[in-house]
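As structure tokens, the structure follows; a few thoughts come after it.
Just so you know, all these numbers are worked out from the coordinates, no wet-lab data involved. Model, not experiment: these values are computed from the prediction. Here the Cβ positions follow ideal geometry from the backbone for every residue, glycine too, while neighbour counts run over all protein chains shown.
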Amino acid sequence: MTAPPQPLELGAFSLSLAVKDLAASRRFYEALGFTVYGGDPAHHYLLLRNGSATVGLFQGMFDRNMLTFNPGWDNECQTLPAFTDVREVQRRLRERGITPSTAADEAGSGPAHIVVADPDGNPVLIDQHV
């Protein structure tokens, strides 16, 4: 029997929502108990948190909602002392037969991102900021 693949450490998780009206979405999520902790309304995005749940509201930045992971960050957006670089995540995903629709330059270092899609076409953004 083949051993299952080693788990990938993907970093902090959030749900990134493609919204039509940033102000209306903000009011809705604040009514649910979320508070704004980041973002920039002038650039059409806000980051909200309720406990350990994080939601990003993005107006006009992408077409679909997506799952977002941030290698190198904890849930407070603090840099982790050790983490799996997005390029290593990309390499392991390719070994597992998952080809990114947006790939990172494997020769690079530091901030980079990749995008993969699940079998139903839902985008998964792996976005490293460090």
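Here's the yes/no breakdown for (1) surrounded by 13 or more Cβ atoms within 10 Å (Cβ to Cβ); (2) out of contact with any Pro (no Cβ under 9 Å at 6 or more places or on another chain); (3) of a type in the set (S, T, N, Q):
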position	(1), (2), (3)
R92	yes, no, no
R96	no, no, no
P100	yes, yes, no
D105	no, yes, no
V115	yes, no, no
D120	no, yes, no
I126	yes, no, no
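Being within 27 Å of P7 (Cβ to Cβ), in contact with an Asp or Glu (Cβ under 7 Å, 6 or more places away or on another chain) and free of Cβ contacts under 8 Å to residues at least 60 places away in the same chain is the requirement here; does R49 meet it? Let's see the steps before the verdict.
Working: within 27 Å of P7 (Cβ to Cβ): yes; in contact with an Asp or Glu (Cβ under 7 Å, 6 or more places away or on another chain): no; free of Cβ contacts under 8 Å to residues at least 60 places away in the same chain: yes.
It is false that R49 is within 27 Å of P7 (Cβ to Cβ), in contact with an Asp or Glu (Cβ under 7 Å, 6 or more places away or on another chain) and free of Cβ contacts under 8 Å to residues at least 60 places away in the same chain.
Exactly one of these conditions fails for V36: (1) under 18 Å from F13 (Cβ atoms); (2) part of a strand (DSSP E or B). Give me its number.
Of (1) under 18 Å from F13 (Cβ atoms); (2) part of a strand (DSSP E or B), only one is false for V36: (1).
E106 - would you say it is without any contact (Cβ under 8 Å) to a residue 12 or more places away in the chain, within 21 Å of Q6 (Cβ to Cβ) and over 13 Å from the mean Cα position of the chain (by Cα)?
In short, no.
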